[in-house]
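Every number here is computed from the coordinates shown, using simple stated rules; none is lab data. Please read all numbers here as calculations on a predicted model, not as lab measurements. Note that each Cβ is placed from the backbone with ideal geometry, even for glycine, and that neighbours are counted across all protein chains shown.
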Amino acid sequence: MSAPKTLYFDHNATTPVDPRVLEVMLPYFMEQFGNSMSLNYSFGWQAESAVETARRQVSQALGCEPKEITFTSGATEANNWAIEGICEMIRADEGPGARIHLLVSPVEHKSVLQSAERAVRVFGAELEYIPVNAHGQVVVSELEKRIQPHTRLVSVMWVNNEIGSINPILEIARLCHDKKVYLHSDATQALGKIPVDLQNVPVDLLSFSAHKLSGPKGVGFLFLRSKSPKVALPAMMCGGGHERGLRSGTLNVPGIVGLGKAVEIARLEGEAEQSRLRALRDFMWNQLHASFPQARLNGHPTERSPNNLNITFKGTRVPAALKGLAVSRGSACHSGGTSTSHVLSALGLSESEAGQTLRITLGRTTTDADVLEAVGLLKSQIQTSSTPAPTASL
Ligand code: PMP
């Protein structure tokens, strides 16, 4: 008997690799397995050339220079490096007495929040959270009020992974630029979902992870602006001098090749795919809202990622595990724990409302039929107060 089918609606947790991405990765596992630093023979040249192609694919999609991209193991590493690297850089330049004020949005991914907390312990940084509005977006006027002469870094995610709200990054970037404060943005859930153009948006550091965009797991990058301003971070890792000495360690060549292809596909096909997902997402919300009139959409109604629904099914009981449907109750990094998501708490949701909340995220493999089926599964399993309690089956 085959296992019952589960519909996957958790694309913000991770995505299946696009077959076109897998295809370009495969040769780099066996035939072209060289170390990209072994530059005395063809195996190494092939690997190096593949890595540089990927770097160009990324830079073309972002509107930046290839040398501004450093490959990492993912966004967690990139976020940690960005935040603690800025602190270390300032310490190295100005000595142990340097005052470092960090402004961070409270609805960031834990890899930003915990890294900022560590910067307090390790570098004596002063950490302040930027107020967000009811949709979890940074309020630019509140950010402006909080920027002080010793504010060194602002970290604001481009798109929130749980509630999908898009931050006003252009305005934030212009403000930070005017005030000469570095801006880091975690764009893990932005790239491929909305336009990300670093030529027009003066973000200084930007993180990404390939597996959120039909690429492989365990690979990502940090963008570091090379001029106006030049962000001269200390090395993430020291060792063999890979990645221009910034991040030593033998490169994950197949992963990097896959990341490059994933980003390129998104550059070429992103707009059409975003429109398709937006229409499907809106259809799904309208269907669910019609069946659950008390349901509330968390996050901004329109300034939101085209693939994201985060819904509190008020007045219902949402079963702990939904049969046939993979969705999240918060970010993937929360499931397994019982704590209310810090993002939903920041929006003012109570513990019981958080328990009625599902994050439903669509992706490239989601079809119209999947959406219809998922709506049916949700309608049959979420009990409203008027739904009779299910009778126990023996
Ligand atoms: N930032 C955001 C916004 C994310 O959604 C994630 C993945 N949950 C990460 C960072 C971390 O990515 P990774 O686990 O691939 O390093």
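A few comments on the model shown:
- Placing unit charges on the Cβ atoms only, positive for Lys and Arg and negative for Asp and Glu, gives the chain a dipole magnitude near 400 debye about its Cα centre.
- Pair ASP178, LYS5: separation of 7 Å Cα→Cβ label points (nm): 5.4 nm
- The order of MET37, MET89, MET284, going from fewest to most other C-beta atoms within 10 Å of their C-beta, is MET37, MET89, MET284.
- Relative intensity, log₁₀ I(q)/I(0), of the chain from a Debye sum that treats every alpha carbon as a point, q = 0.08, 0.11 Å⁻¹: -0.44, -0.81
- The chain: antiparallel DSSP beta bridges as a percent of all, rounded to 5: 50 percent
- Think of it as helices only: each DSSP H run of n ≥ 4 in the chain is worth -39500 (n - 2.57), and spread over all residues that comes to -12000 deg cm²/dmol at 222 nm.
- Efficiency of FRET between GLU126 and THR250 - r from beta-carbon atoms, R0 35 angstrom, step 0.05: 0.40
- Volume of the Cα convex hull of the range 130-238, divided per residue and given in Å³: 116 Å³
- Above-threshold pairs, the threshold being 19 Å between Cα atoms, out of LYS180/LYS230; LYS67/LYS193; LYS110/LYS193; LYS145/LYS230; LYS110/LYS230: LYS67/LYS193; LYS110/LYS193; LYS145/LYS230; LYS110/LYS230
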